[in-house]
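Reading through the structure tokens given below for one structure.
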Amino acid sequence: MSKRHILGAAALASAVAASGAFAAGDPVAAVKADLAKLQTDVAGARATIVPDAQKLAADAAAAKGSTRAQARAAIKPDLVQLRSDVHAAGTLLRADRTQLKADLAAAKGVNGARKQLRPVVKSTQTAIKADRTAIKDALEQARQAVKDLRSSFTK
């Protein structure tokens, strides 16, 4: 396991414990904490995945004109790292969303919770959408670079 995975698992464990403590007292505060954690984790995923995808795209572009074996050796470590980071981020974000859903269900019964949470949810959705778009664009560029590299061998 890499440092990122270990730190991610530790952060997840502490966040689950902290959100459990919040949930016992104030469900609305627990939802707000979950939203903040989700937003932070998505931003962290962006900070990890986008550079990995850019490095893969750059290495794939640089490998054009080389042999298939040389190109594979050049992009394989980047591809493995990118896949690992995407998988780790997906696991972390699924856990965050599961916790958020549980806390939202608990907050449903609180009077005025919807009014308190609406602006926080909107801002979180906006931030997450921007981060997801950046991740999606970087991954698409990396895919296109690898696709171009593959097509350079068939000529």
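All of the numbers you see were taken from the coordinates with simple rules; none came from a lab. None of these values were measured; they are calculated from a predicted model. Here the Cβ positions follow ideal geometry from the backbone for every residue, glycine too, while neighbour counts run over all protein chains shown.
Remarks
- In order along region 87-93, the phi-based Karplus estimate (6.51 cos²θ - 1.76 cosθ + 1.60, θ = phi - 60°) of 3J(HN,Hα) comes to 5, 5, 5, x, 4, 5, 5 Hz; Gly and Pro are listed as x.
- Mean projected area in nm² (Cα convex hull; one quarter of hull surface) for region 87-155: 6.1
- Taking 7 Å steps out from each Cα toward its Cβ at V120 and T133 produces label points 2.5 nm apart.
- Here the Karplus relation 6.51 cos²θ - 1.76 cosθ + 1.60, evaluated at θ = phi - 60°, turns the backbone of region 119-132 into coupling constants of x, 5, 5, 4, 5, 5, 4, 5, 5, 5, 4, 5, 5, 5 Hz, with x for every Gly and Pro.
- Its Cα gyration tensor gives region 3-153 an equivalent ellipsoid. The semi-axes, each the square root of 5 times an eigenvalue, are 40, 16, 9 Å from largest down.
- Pairs from the list K37/K115; K37/K101; K37/K122; K76/K129; K76/K136; K32/K101 with a Cα-Cα gap above 18 Å: K37/K115; K76/K129; K76/K136.
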